[in-house]
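Input: a single structure, listed below in structure tokens.
The values are calculated or read from the model by the stated rules, or taken from the named source; none is laboratory data. Note that this is a predicted model, so its numbers are computed, not measured. All Cβ positions, even for glycine, are placed from backbone atoms using ideal geometry, and neighbour counts span all protein chains on display. Accessible surface areas use protein heavy atoms only, side chains included; no ligands, DNA or RNA. Shrake-Rupley method; radii C 1.70, N 1.55, O 1.52, S 1.80 Å.
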Amino acid sequence: MDQQEKAQDYWSKAEQAIKESQELLPSKITGETPEQWSIRVHVQRVRGSWYREKGETPKAIEAYRQAFTRLEAAWKKLPNIDIDTEIPIPQYLPQKQPILSANAIENLHREFMALLAETGEDDSRIKESLKRHLLAELNFLMESGNWKDADRKTYDLIAFAGSTETGFEIENISCRDLSSIDRLWVERSDGTFGFSVQKIILDELASQRGHYDNDVILWEGFYEKIGWKEGEKWLDGKGIFNPAAAKRGHLPYLGYSWLQKQLLSLTATCRL
């Protein structure tokens with residue numbers, strides 16, 4: 001910004017580089033070739049970012065829309081994973097091609113949503129797509145046996161599902177969202193993990209099923225039963241990320257906070 005002539009030169013070079021990149025792409029695209037569509041998604045995202053930095057919002061939105069449409073078309077060519085969740089979970093696209101990483105796909109969605117927010121356009125379709133991507137990544141981590149990162153990804157999913165314009169609201173998480181996350185945990189762990197599994201254990205300790213107020217339930221007893229606490233010793237996040245070795249209900253772990261308690265109450269409300 002303090003060297004306008006040099007900055008303008010960089011802008012011109014960037015524009016020329018994008019133009020030359022597009023000219024190198026084949027005129028026709030074969031949808032069955034993952035590298036071809038993933039390159040086009042990447043190029044359109046770069047174009048959109050460039051237009052956004054220049055302040056040309058309408059052109060930026062159009063470039064991001066092209067990138068998103070191409071990504072959606074690629075997903076539709078692949079069958080959803082074979083788990084009966086309320087939200088259909090697509091294939092994990094980073095497995096199918098080497099160009100778009102999980103972060104690149106996530107950032108494409110978030111950048112596009114931010115642009116739409118600037119103009120007041122509806123972004124619900126983009127939000128649902130990002131939710132499906134995060135669920136696909138969660139499923140991939142579980143199938144890979146990476147339960148520690150799956151636990152972290154669950155927190156990301158909960159945070160996104162409950163996000164609002166001003167922050168986070170537990171009421172923003174639908175039963176459809178929670179049910180889909182929970183079913184992945186239960187199915188992939190053979191019934192060892194899951195919010196609904198934790199709810200069953202909690203109901204054994206509650207004086208009234210589905211009511212988990214601090215004055216009617218001994219939370220420390222629950223934490224000990226699922227392996228978050230041993231006697232007076234708290235694990236403080238040092239969990240056992242192995243369904244074969246962990247206690248039933250040990251994961252997901254969102255800490256001893258109000259969030260875990262609110263999610264378990266929501267599990268009761270949604271009758272999971």
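Here Ile61, Ile99, Ile81 are screened, and the one residue that is aliphatic (A, V, I, L, M) and closer than 30 Å to Arg271 by Cβ is Ile81.
Residues that are among the hydrophobic types (A, V, I, L, M, F, W, C) and either farther than 24 Å from Glu187 by Cβ or modelled with pLDDT of 90 or more (or both) within region 252-263 comprise Trp258, Leu263, listed in sequence order.
Of all the residues in region 162-180, those that are free of Cβ contacts under 8 Å to residues at least 60 places away in the same chain and closer than 15 Å to Gln260 by Cβ number 2. The set of residues in region 107-129 that are over 18 Å from Trp75 (Cα atoms) and polar (S, T, N, Q) contains only Thr119.
So, in region 133-145, how many residues would count as being under 26 Å from Ala73 (Cβ atoms) and surrounded by fewer than 17 Cβ atoms within 10 Å (Cβ to Cβ)? The number of residues fulfilling the criteria is 1.
The set of residues in region 158-192 that are of a type in the set (A, V, I, L, M, F, W, C) and more than 18 Å from Gly239 (Cβ to Cβ) comprises Ala159, Phe160, Ala161, Phe168, Ile170, Ile173, Cys175, Leu178.
Ala63 meets all of the listed conditions (1) closer than 26 Å to Pro98 by Cα; (2) small (Gly, Ala, Ser); (3) modelled with pLDDT under 90 but one, namely (3).
The number of residues in region 162-194 being surrounded by 15 or more Cβ atoms within 10 Å (Cβ to Cβ) and closer than 19 Å to Phe140 by Cα comes to 16. How many residues are in a helix (DSSP H, G or I) and of a type in the set (Ser, Thr, Tyr) if we restrict to region 169-196? Within region 169-196, residues that are in a helix (DSSP H, G or I) and of a type in the set (Ser, Thr, Tyr) number 3.
For region 146-158, enumerate the residues that are open to solvent by 40 Å² or more (accessible area, probe 1.4 Å) and outside any loop (DSSP other than H, G, I, E, B). Scanning region 146-158 gives Lys148, Asp149, Arg152, Tyr155, Asp156. Scanning region 1-50 for residues that are of a type in the set (Lys, Arg) and modelled with pLDDT of 85 or more yields Lys6, Lys13, Lys19, Arg40, Arg45, Arg47. All of Glu118, Glu128 fail the test of being of a type outside the set (S, T, N, Q), within 28 Å of Asp151 (Cβ to Cβ) and exposed (fewer than 15 other Cβ atoms within 10 Å of the Cβ), apart from Glu128.
Identification of helices (runs of 4 or more DSSP H) wholly contained in region 1-99 with 3 or more residues that are in contact (Cβ under 8 Å) with a residue 24 or more places away in the chain and buried (at least 18 other Cβ atoms within 10 Å of the Cβ) yields 34-54, 57-76.
Here the condition is being in contact with a Pro (Cβ under 8 Å, 6 or more places away or on another chain), of a type in the set (Val, Ile, Thr) and over 18 Å from Asp84 (Cβ atoms); of Thr166, Thr154, it holds for Thr154 alone.
Could you tell me how many of the residues in region 108-145 are part of a helix (DSSP H, G or I) and either touching a Pro at 6+ places or on another chain (Cβ under 7 Å) or free of Cβ contacts under 8 Å to residues at least 60 places away in the same chain (or both)? Qualifying residue count, region 108-145: 25.
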